[in-house]
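Written out below as structure tokens is the structure these notes cover.
The values are calculated or read from the model by the stated rules, or taken from the named source; none is laboratory data. All figures in this text were calculated on a predicted structure; none of them were measured in a lab. Positions of Cβ are generated from backbone atoms using ideal geometry, with glycine treated the same way; all protein chains shown enter the neighbour counts. Each accessible area value is taken on the protein alone, full model and side chains, heavy atoms only, with ligands, DNA and RNA left out. Shrake-Rupley method; radii C 1.70, N 1.55, O 1.52, S 1.80 Å.
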Amino acid sequence: MKKIFALVAIAVTVIALVAGCGSNNNAGSNDKKSATIGVSISTLNNPFFVSIKKGIEDQANKMGLKVKIVDAQNDPAKQANDISDLLESNVSLLIINPVDSAAISTSVELANNKKIPVITLDRSADQGTVVTHIASDNKKGGEMAAQLIAQALGEKAKVIELEGVPGASATRERGEGFHAFADQHLTVLGKQSADFDRTKGLNVATNMLQANPDVQAIFAQNDEMALGAIEAAKSANKQLFIVGFDGTQDGQTAVDNGSLSATIAQQPEMMGQIAIATAAKIIAGEQVEAKIPVDLKIIKK
């Protein structure tokens, strides 16, 4: 009987070890498969960010990765709540496209405290630790827009500027790049925020055209505002040189039909794809660059 018990004990031990080894292997596999990337997008009421979302989803499907995407609806408070919920759901990594670069800092620091890596996309965070920032060179793009206007209309041409969401890094950087050239070579009659929104772009441009009847050009910091400005110019019966930014499908169509003079085109789907590919590297423990640039190009007829 003692021998039988001894043999049974040995068998149980062997079975337990085998099961344990199998359990460990499966755990590693399940960890990989269960990794979820949380994504917070500033707004999906804008074709540019819809294209980013498409790039994210397409690349995630291609790589077999899970993503959980939330829409902040251009509300910093909602974005903070959304990110808190993502962190509570145990995401492996966060991709954040901030509504406001200052306001998002608290959420980035919260992720830092939980040891969750953060990627910022298109717009940066003022504070907190970010593994990498993926974006076009917004300053360069703003400068390119100013140069286009000067080339088309000459030195000291009169221009107004439609700015994006106050506090967003893209707003700040595009404005800085634009003014670096425009303040020296153009006559900037005024600037005002229209929150990257087409309807607000129409309303703000209408008011600014009434206040500046001798304006010759408009620089809008995104295509949505530029499309609103086109409608404002039509209503005012003005032929203006209008430059947008982003290169959305609607913006490119407007360039093709001649209503938009040019757009500084980003590549939003590519940005989304790069974000997911980079996230996969970070989750795998690989090193990535602190800044990953995405090329700009000028689209004009």
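Consider Gly201 carefully, then state whether it is buried (at least 24 other Cβ atoms within 10 Å of the Cβ), assigned by the TED database to the domain that holds Thr171 and at pLDDT 95 or above. Taking the combined requirement at face value, the residue satisfies it. Reported count of residues in the range 151-165, each being free of Cβ contacts under 8 Å to residues at least 60 places away in the same chain and either under 30 Å from Ile96 (Cα atoms) or touching a strand residue (DSSP E or B) at 6+ places or on another chain (Cβ under 7 Å) (or both), is 4.
As for the range 83-90, it holds at least one residue that is in contact with a Gly (Cβ under 9 Å, 6 or more places away or on another chain) and in a loop (DSSP other than H, G, I, E, B). Consider Asp195 carefully, then state whether it is open to solvent by 20 Å² or more (accessible area, probe 1.4 Å), at positive phi and modelled with pLDDT of 95 or more. It is true that Asp195 is open to solvent by 20 Å² or more (accessible area, probe 1.4 Å), at positive phi and modelled with pLDDT of 95 or more. Please go through the range 254-288 and pick out each residue that is closer than 23 Å to Ser42 by Cβ, more than 21 Å from the chain's Cα centre (by Cα) and not assigned by the TED database to the domain that holds Asp223. Those that are closer than 23 Å to Ser42 by Cβ, more than 21 Å from the chain's Cα centre (by Cα) and not assigned by the TED database to the domain that holds Asp223: none in the range 254-288. For the range 208-253, a residue qualifies if it is in a loop (DSSP other than H, G, I, E, B) and over 16 Å from Arg198 (Cβ atoms), and the qualifying residues are Asn212, Pro213, Asp214, Val215, Gln216, Ala236, Asn237, Lys238, Gln239, Leu240.
If I ask for residues that are among the hydrophobic types (A, V, I, L, M, F, W, C) and open to solvent by 10 Å² or more (accessible area, probe 1.4 Å), which ones from the range 57-72 would you list?
Met63, Leu65, Val67, Ile69, Val70 - these are the residues of the range 57-72 that are among the hydrophobic types (A, V, I, L, M, F, W, C) and open to solvent by 10 Å² or more (accessible area, probe 1.4 Å).
When the range 73-83 is filtered for residues that are open to solvent by 40 Å² or more (accessible area, probe 1.4 Å) and of a type outside the set (A, V, I, L, M, F, W, C), the ones remaining, listed by number, are Gln73, Asn74, Asp75, Pro76, Lys78, Asn81. No other residue among Ala262, Ala280 is more than 22 Å from Gln216 (Cα to Cα) and among the small types (Gly, Ala, Ser) apart from Ala280. A single entry from Leu121, Leu153 fulfils the requirement of being hydrophobic (A, V, I, L, M, F, W, C) and outside the structural domain of Ser42 (by the TED database): Leu153. Taken over the range 34-56, the residue count meeting the criterion of being open to solvent by 50 Å² or more (accessible area, probe 1.4 Å) and in a strand (DSSP E or B) is 0. Beta carbons closer than 8 Å, at least 6 apart along the sequence or on distinct chains, pair a first residue in the range 167-185 that is free of Cβ contacts under 8 Å to residues at least 40 places away in the same chain with a second that is open to solvent by 40 Å² or more (accessible area, probe 1.4 Å) and among the aliphatic types (A, V, I, L, M) for His179/Val188; Ala182/Val188. If you go through the range 262-281 and keep only what is open to solvent by less than 30 Å² (accessible area, probe 1.4 Å) and either out of contact with any Phe, Trp or Tyr (no Cβ under 7 Å at 6 or more places or on another chain) or of a type in the set (Gly, Ala, Ser) (or both), you end up with Ala262, Ala265, Gln266, Met271, Gly272, Ala275, Ile276, Thr278, Ala279, Ala280. Within the range 94-110, the set of residues being among the hydrophobic types (A, V, I, L, M, F, W, C), surrounded by fewer than 24 Cβ atoms within 10 Å (Cβ to Cβ) and in contact with a helix residue (DSSP H, G or I) (Cβ under 6 Å, 6 or more places away or on another chain) comprises Ala103 only. Within the set Gln59, Gln73, Gln79, the sole residue that is in a loop (DSSP other than H, G, I, E, B) and modelled with pLDDT of 95 or more turns out to be Gln73.
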